[in-house]
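Below is one structure, written out as structure tokens; the observations come after it.
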Amino acid sequence: MTSKMRILVADDSMALRVLLQGTLRAAGYEVITATNGDDLVRLAQEQVPDLLLVDLMMPMMDGYEAIRQLRNDTRTSHLPMIILTALSDSTDVVTGFDSGADDYVVKPFNTAALLARIRGHLRRDKRKPVRNPLTGLPGNVLLQVELQRHLGQKQDFSLIYVDLDNFKAFNDVYGFARGDRAIQTLADVLSQTVKSEGFLAHIGGDDFAIIYNGAEVEPLCRKIILAFEAVVRSLYDPQDVQRGYLLGHDRQGKACRFGMLSLSIAVVSADHNRFQSVDEIGKVAAELKSQAKLIPGNSYKIDERLPRERRDHRRPIALLICADDTLRSALASALRFQGYLPLATTNSKVASSLLHRMPDPALLVVDASLGEELWNFWRKLASPPPLLAIASDSAAAEAAYNAGAYASIANTADIYQVVIQLVQHLPSRPEIDSEGTKEISDA
């Protein structure tokens, strides 16, 4: 095999894992292993395999539930899944099929028969339709053909890679049907926005790609994000829209807040015959998408190697200091789309070190609840910028005005209303360029 197919083996028996690992590797497959159902789900989502071998009886989460979760996730729902079971009761096998398994093998198994079943399922899985069954858009195969055609004809174009942020949390909270609706909504937004200006493909799961021949790629990114922002709240229950985040649990069962659905967009310029293969342009697109996903809220990351004439002027800097992750993300996104380059962090200490590298902010937006340290930080700046405060009550607002803030906005439970207030009180709308938000950690 020139490109090894990946098989994920999940079984709590070390002896069986070692046996299967050796057998499958000898047959030419790449193998990853999991010891329980929880690890199985995580690995399948992070390192999507071509096929799964799943033991039914495992700790933490049994094979039945693991398969159900993977079938409800559009990233893994299409994968062949074979049950490994020592159970002879047909009821257990039927339950496995009802959970979403494609086949089963009873332990102890015949190695030759197991390999034959694996080959059969992989062959059938390769015969996928060239269009995505959910959205009807061209799939990964047609995308690669179109990319190869553009590269072969030495055409200048851009590859725009679009990914949904926080989709797994959304899917976990609302279920796979609402998750499919979210993906279809994004597909509709992209179809209506791109229209005949580019080739739109649904790579799979929550990933889309556009081959765009126009010169003005950045306005298209902004247009996509604005169109998505106009419809995304309709996917949520009213109480979640008002709250501005989802309530759920992480893998350890701990209650967590999850941000709203947003877009991470990566743009790769294929001008001047930079790339010789689809793999090369795909690798750069993946790197840029990873950078875009580090930016809170809706974001786009444009290839820094674009010709200079396709760039705009640098944005003025807005320094945002806010301890609440969800609020900080929402405000950073709003600032960016009002023409600023937001530098977002959680406290004045990190902000101070940040300004050594990027001095002279045009605006300072602070959470007044952080107290006197913020006012002292602002006063010590060589050229203090306009100060906009976010206050939870009248006392905090009064303290902000006394410190020198030109305006104060109310920090309510409705994050959307906080964002509206922010936009209304911004001092100006500077020119927009291709830079994104920089999120600075406290480390």
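The values are calculated or read from the model by the stated rules, or taken from the named source; none is laboratory data. Source: prediction; values computed, not measured. A quick note on method: Cβ atoms are made from the backbone with ideal geometry, for glycine too, and the neighbour counts reach across all protein chains shown.
The sole residue among Leu142, Leu122, Leu137 that is surrounded by 13 or more Cβ atoms within 10 Å (Cβ to Cβ), under 16 Å from Leu51 (Cα atoms) and not small (Gly, Ala, Ser) is Leu122.
Looking only at residues in segment 295-332 that are crowded, with 21+ Cβ neighbours inside 10 Å and over 20 Å from the mean Cα position of the chain (by Cα), the one that is modelled with the lowest pLDDT is Arg315. Right, Ile82: closer than 23 Å to Asn171 by Cβ and in contact (Cβ under 8 Å) with a residue 12 or more places away in the chain or not? Answer is no for this residue. Can you confirm whether segment 227-248 contains a residue that is among the basic types (Lys, Arg), farther than 15 Å from Ser158 by Cβ and modelled with pLDDT under 90? Yes, segment 227-248 has at least one match. Filtered by the rule that a residue be of a type in the set (A, V, I, L, M), touching a strand residue (DSSP E or B) at 6+ places or on another chain (Cβ under 6 Å) and more than 16 Å from Ser299 (Cβ to Cβ), segment 206-228 gives Ala209, Ile210, Ile211.
From the list Ala292, Ala285, Ala255, the lone residue that is at pLDDT 85 or above and either closer than 25 Å to Leu190 by Cβ or surrounded by fewer than 16 Cβ atoms within 10 Å (Cβ to Cβ) (or both) is Ala285. Applying the criterion of at least 2 residues that are of a type outside the set (A, V, I, L, M) to the strands (runs of 3 or more DSSP E) found wholly in segment 1-69 leaves 30-34. When you scan segment 268-277, do you find a residue that is outside the structural domain of Arg336 (by TED's automatic domain parsing) and within 20 Å of Ala182 (Cα to Cα), even just one? Among the residues of segment 268-277, not one is outside the structural domain of Arg336 (by TED's automatic domain parsing) and within 20 Å of Ala182 (Cα to Cα), which makes the answer no.
Per the conditions (1) in contact with a Gly (Cβ under 6 Å, 6 or more places away or on another chain); (2) not in a helix (DSSP H, G or I), the sole criterion not satisfied by Ser329 is (2).
As a summary of the residue check, Thr91 satisfies the conditions (1) farther than 18 Å from Asp172 by Cα; (2) modelled with pLDDT of 90 or more; (3) in a helix (DSSP H, G or I) except for the one numbered (2).
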